[in-house]
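Here the structure comes first, spelled out in structure tokens, and everything after it is commentary.
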Amino acid sequence: QVHLVESGGGLVEPGGSLRLSCAASGSIFRFFRMGWYRQASGKQRDSVAGITRGGVTNYTDSVKGRFTISRDNAKNTVYLQMNSLKPEDTAVYYCNTYPPVSTYWGQGTQVTVSS
């Protein structure tokens, strides 16, 4: 079983930055591809970015050039650096394996981009 805890969200003005963290329990973390997902109010949860065990990354088009996913296998943690934030980035952000496993969803962390 994997337990995931997201943190780092908050309220930020357009153009600002946030860094999200996802701490995973268990030493098996380093074997998983990991991803960040987000769900805006009233919408489905979508993939934002993914990273392989070796650090190869991919991003949804709307965040390319603005978001960076990374991981520290020694700390069982995956990060999402978000720059040049836009109001449309407002959502609850979650991490999970990539592709996601339904039983691994955590509580997420709220990101609100507003002036």
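Checking the conditions here, which among Arg33, Arg53, Arg38, Arg66 is surrounded by fewer than 19 Cβ atoms within 10 Å (Cβ to Cβ), basic (Lys, Arg), touching a residue at least 12 places away in the same chain (Cβ under 8 Å) and within 17 Å of Thr112 (Cβ to Cβ)?
That would be Arg66, the only listed residue that is surrounded by fewer than 19 Cβ atoms within 10 Å (Cβ to Cβ), basic (Lys, Arg), touching a residue at least 12 places away in the same chain (Cβ under 8 Å) and within 17 Å of Thr112 (Cβ to Cβ).
Given the options Gly65, Gly106, name the one that is part of a loop (DSSP other than H, G, I, E, B) and modelled with pLDDT of 95 or more. Talk me through it step by step, then tell me what you get.
Values: Gly106 fails: modelled with pLDDT of 95 or more.
Being part of a loop (DSSP other than H, G, I, E, B) and modelled with pLDDT of 95 or more holds for just one of Gly65, Gly106, which is Gly65.
Please go through the range 87-100 and pick out each residue that is touching a Phe, Trp or Tyr at 6+ places or on another chain (Cβ under 9 Å) and part of a loop (DSSP other than H, G, I, E, B).
Across the range 87-100, the qualifying residues are Tyr98, Pro100.
What number of residues in the range 71-80 are surrounded by 15 or more Cβ atoms within 10 Å (Cβ to Cβ) and not in a loop (DSSP other than H, G, I, E, B)?
Adding up the residues that qualify gives 6.
Give the number of residues within the range 81-99 that are within 22 Å of Lys43 (Cβ to Cβ) and surrounded by fewer than 17 Cβ atoms within 10 Å (Cβ to Cβ). Reasoning before the result, please.
If we filter the range 81-99 for residues that are within 22 Å of Lys43 (Cβ to Cβ), which is where we start, we get 82, 84-99.
This time we only want the ones that are surrounded by fewer than 17 Cβ atoms within 10 Å (Cβ to Cβ), so: 84, 86-88, 99.
Count: 5.
Please go through the range 35-55 and give me each residue that is closer than 18 Å to Lys75 by Cα and part of a loop (DSSP other than H, G, I, E, B), ordered by number.
Thr52, Arg53, Gly54, Gly55
The values are calculated or read from the model by the stated rules, or taken from the named source; none is laboratory data. Here the structure is a predicted model, which means the values were calculated and not measured. Methodologically, a virtual Cβ is constructed for each residue, glycine included, from the backbone with ideal geometry; neighbour enumeration extends over all protein chains shown.
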